[in-house]
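J.: Okay, handing you the structure first.
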Amino acid sequence: MLRRVNEIILHQPPTRPWGTPNLSPFCAKLECYLRMADIPYKPAAFGRGESPKGKMPYVRIDGQLLGDSQLIIEELERRLAKDGKRPLDDGLSPRDQAIARLVRRTLEEGYYFIGMYQRWKTDEGYKIQREEFGRFIPKIIVPLIRRDILKKLHHQGTGRHSLEEATAMGAGDLDAIAELLGDRPFLLGDAPRTVDATVFAFLEATLGYPVDGEIKRHAASHANLVGYRKRIRERWWKDLPALP
């Protein structure tokens, strides 16, 4: 039986690094969705051994653990409808649903690995990661995490490219998002949809990262992406530092 939306316990890394929502774009995505959908939640400590999918974020709803940011959002959208509240994606046309899915998959299954390359494979990025991860896990573990991530990047394919090649791929993804956004306030029109939580999270992960690399400069060259990020922060993330 489908349950209603009650207060959620949100398990994710505890820091707000560099004035951004989270280290992980998937955690930022889910928390942004919760704020956009006005769903009450409480942050809590995390443990990979407890997570249903073995990764962050995960939530506890009515005593039940749920993992994977997208599966959690889809469950919450169903519960909102059951409560008689308007889900964020209510009324989306089949075409817009298709666009949202392709944008999300592009960012989460493609562009994500460009970010991981920058953060873990480059020396500049790894220095930042090592310092930030050391705030909530033993620092001796961080090199082991790096080794595991680099191995995954190689198997996935992005790690086999040069930094210039990987950056060009990511820049093309950003160009496509900027073209789709145009001059609209949100990706699909005047109202926020679930896909906006994803787009915002990955822009935060790019524009908010304290390494002045080519991919960050390319994102900043799109005025509509910069304005979009700022607009969402000002409406749903007033607890973060204001952007210039």
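J.: Residue-wise, which Karplus ³J(HN,Hα) couplings in Hz belong to segment 77-88, taking 6.51 cos²θ - 1.76 cosθ + 1.60, θ = phi - 60°, and x for glycine or proline?
T.: Calculated HN-Hα couplings, in order: 4, 5, 5, 4, 4, 5, 6, x, 9, 7, x, 4 Hz.
J.: So which of LYS42/LYS127; LYS29/LYS152; LYS53/LYS216; LYS53/LYS152 end up more than 19 Å apart, counting from Cα to Cα?
T.: Those over the limit are LYS42/LYS127; LYS29/LYS152; LYS53/LYS216.
J.: For n ≥ 4 DSSP H runs only, could you compute -39500 (n - 2.57) per run for the chain, divide by its residues and tell me the 222 nm figure to the nearest 500?
T.: -16000 deg cm²/dmol
J.: In addition: How far apart, in nanometres, would the label points at GLN156 and ARG217 be if each is projected 7 angstrom from Cα along the Cα-to-Cβ direction?
T.: Calculated label separation equals 2.5 nm.
J.: How many nm is it between the label spots at ALA44 and GLU165, if each spot is 7 Å from the Cα in line with the beta carbon?
T.: Between ALA44 and GLU165, the simple spin-label model gives 4.5 nm.
Where a number appears in this text, it was derived from the coordinates with a stated rule and is not lab data. These figures come from a predicted structure and were not determined experimentally. Positions of Cβ are backbone-derived with ideal geometry, glycine not excepted, and every protein chain shown enters the neighbour counts.
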